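Enquirer: Below: one structure in structure tokens.
The values are calculated or read from the model by the stated rules, or taken from the named source; none is laboratory data. Keep in mind that what you see is a predicted model, and the values were worked out from it rather than measured. Please note: Cβ atoms are built from the backbone with ideal geometry, for glycine as well, and neighbour counts cover all protein chains shown. Please note that ligands, DNA and RNA were not included when accessible areas were found on the heavy atoms of the full protein model with its side chains. Shrake-Rupley method; radii C 1.70, N 1.55, O 1.52, S 1.80 Å.
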Amino acid sequence: MNDQEYLLIRAAFKQKIERTPVWVMRQAGRYLSEYRAVREKAGNFLDLCQNPELAAEVSIQPFELIGVDAVIMFSDILTPLMGMGMDLEFNPGPVFNNPIRTLSDINALTIVDPDEGTPYVGEILRILSSELSGKAPIIGFAGAPFTLASYLIEGQSSKLFSKTKALFWENKDLARLLMDKLTQMTINYLNYQIENGAQMVQLFDTWAGIFSAEEYQEHIFPYIQEIFSSIHQAGKVPKVYYINGSHHLLDTIADCGADVISLDWTNDIGEVKAKIGHKVALQGNLDPNVLFCNLSIIKEKVVNILDKFGPDSGHIFNLGHGIDKNVDPDHLRFMVKTVKEQSKRS
Ligand code: CP3
């Protein structure tokens, strides 16, 4: 199938659609017993990321088992940092045994050709392209520089991000140097994914909402603009930008160069559409916790989002953040079916 014919790609570019496309962040994951079985076969999570055949297999699972409209390649936002020299473990959350806090730490980070740093990613995408052969579009992704920097500086997941904020406030030169390096890596990495078969790319800036709008504009926004303006295939491969907690940043990020802004559930998608919908398409934004409710509540909440967006093109249905590992796959299947049935255009 021609890329432009996929529902997902047409919705991202606000072209004519028959219904709203749907996929789910973290759709290949632990809530599926089929995923857990393959992960066990691979060893651990990082082994699975670096095993192209098995990573391609779990990427396709939600397309076949749940019925989503797209396949996101299986990897993690942190894996390319291993290619830069970082010592990464998952336990079960990510841990860097050599966190980045000084100039010499930053200087030690190397920018290598993605084919050298993450050869398995190119291979996963090539396998997906050949196995899917036009049945579903392939989504590539990367972590955005600030979100990557927060894990590098903290050395693990964090609630307060105190070390990260201190570095950005106290030592702007160091922060800039780190952001520049991560930006360069990310541009190379996303272009490499597109060359190897990614048909849409999403930049995950999960933690960018922890800064005020003013600080976001100073510390993060220029790098996002640089990344989106450096991605090849503009107008062909849609670019998506996701932040968890973005309501105070919407006016700014509408101009970041992305085709699609992916919203967390605290935003009212109808209000956001009225505000920035003339500039970008929107993705989202069901609260992931809704999937723990009974089917009638799931239906009510899905229909509410579809109604708020209305019949125009320019909406990709998704959760407002990743799916939880304890969700019943039948509930997700029902959510996907409901989006498909309730969003049909005449
Ligand atoms: O969406 C997909 O299905 C593709 C795969 C994907 C994963 N992580 C697989 C994964 C994607 C796109 C991500 C993105 C990611 N990873 C983000 C940005 C989006 C978000 O959710 O905020 C972040 C911040 C990470 C970092 C990360 N990876 C954390 C904090 C954890 C631990 C979380 C936990 O619940 O334990 C991971 C691990 C991870 N990444 C898992 C999966 C399927 C679970 C690991 C396992 O199978 O044991």
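Enquirer: Give me the percent relative contact order of the chain, please, defined on Cα pairs under 8 angstrom at least 6 residues apart.
Expert: Over the chain, the number comes to 22 percent.
Enquirer: Ok, one more. Reachable lysines from Lys279, Cα under 18 Å, same-chain residues fewer than 8 places away excluded?
Expert: Of all the lysines, those that pass the test against Lys279 - Cα under 18 Å, at least 8 places apart if same chain - are Lys14, Lys16, Lys236, Lys239, Lys308.
Enquirer: Continuing with this model, one more query. Place the peptides 159-169, 74-84, 145-155 in order of packing, highest mean first, counting for every residue the other Cβ atoms within 10 Å and averaging per peptide.
Expert: Per-residue mean Cβ counts within 10 Å order the peptides as 145-155, 74-84, 159-169.
Enquirer: Once the piece of chain linking Asn326 and Ser129 is laid out straight, how much longer is it, given 0.36 nm per residue of separation minus the C-alpha distance between them?
Expert: 67.9 nm
Enquirer: Please give the calculated 222 nm ellipticity per residue for the chain, where each DSSP H segment of at least 4 residues contributes -39500 (n - 2.57) and the sum is spread over every residue; nearest 500 deg cm²/dmol?
Expert: My calculation for the chain gives -13500 deg cm²/dmol from helical runs alone.
Enquirer: Express in Å², to the nearest 10, the accessible area of Cys49 obtained by rolling a 1.4 Å probe over the protein heavy atoms while all chains stay in place.
Expert: 0 Å²
Enquirer: So for segment 3-342: antiparallel DSSP bridges make up what percent, rounded to the nearest 5?
Expert: Taking every DSSP beta bridge with both residues in segment 3-342, the antiparallel ones total about 15 percent.
Enquirer: Now for a different question. So how strong a dipole does the chain carry about its Cα centre when Lys and Arg Cβ are +1 and Asp and Glu Cβ are -1, to the nearest 20 debye?
Expert: 880 debye
Enquirer: Same structure again: I'd like the Karplus ³J(HN,Hα) series for segment 199-207: coefficients 6.51, -1.76, 1.60, θ = phi - 60°, whole numbers in Hz, and an x wherever there's a Gly or Pro.
Expert: 10, 8, 10, 10, 9, 8, 10, 3, 9
Enquirer: If you stretched the chain out fully between Gln233 and Lys165, how much longer would it get, using 0.36 nm times the residue separation minus the C-alpha to C-alpha distance? Provide the component values of the computation, followed by the final result.
Expert: Details: separation 68, 0.36 × 68 = 24.48 nm, distance 3.46 nm.
Here the segment from Gln233 to Lys165 would lengthen by 21.0 nm.
Enquirer: Let me ask something else. Given labels modelled 7 Å from the Cα in the Cβ direction, how far is it in nm from Lys41 to Lys275?
Expert: 4.6 nm
Enquirer: A follow-up question, please. Report in % the part of the accessible area of segment 137-285 that belongs to carbon and sulfur, leaving out ligands and nucleic acids; probe 1.4 Å.
Expert: Numbers: 2520 of 5180 Å².
So the carbon and sulfur contribution to the accessible surface is 49 percent.
Enquirer: What's the carbon and sulfur percent of segment 51-127's accessible surface, probe 1.4 angstrom, rounded to a whole number?
Expert: The C+S portion of the solvent-accessible surface of segment 51-127 is 50 percent.
Enquirer: Right, something else. How many nm separate the modelled label positions at Lys172 and Val112, each set 7 Å beyond the Cα in the direction of the Cβ?
Expert: Modelled inter-label distance: 3.5 nm.
Enquirer: Over the chain, with the other protein chains present, what is the accessible area per residue in square angstrom, probe 1.4 angstrom?
Expert: Numbers: 13900 Å² over 346 residues.
For the chain, the solvent-accessible area averages 40 Å² per residue.
Enquirer: Further, regarding this structure: Taking the chain as a Gaussian network, Cα atoms linked when under 10 Å apart, which of Ala28, Ala11, Ala274 shows the biggest mean-square fluctuation?
Expert: Maximum among the listed residues: Ala274.
Enquirer: Then there is this: Put a dot 7 Å past each Cα toward the Cβ at Asp307 and His247; how far apart are the dots in nm?
Expert: Between His247 and Asp307, the label points sit 2.1 nm apart.
Enquirer: Also: Let's test the formula: R0 of 30 Å, r as the Cβ-Cβ distance of Glu214 and Thr102. What FRET efficiency results, to the nearest 0.05?
Expert: Values: r = 27 Å, r/R0 = 0.90.
Calculated transfer efficiency: 0.65.
Enquirer: Nearest 0.05, what FRET efficiency do Arg30 and Gln184 give at R0 = 30 Å with Cβ-Cβ as r?
Expert: 0.35
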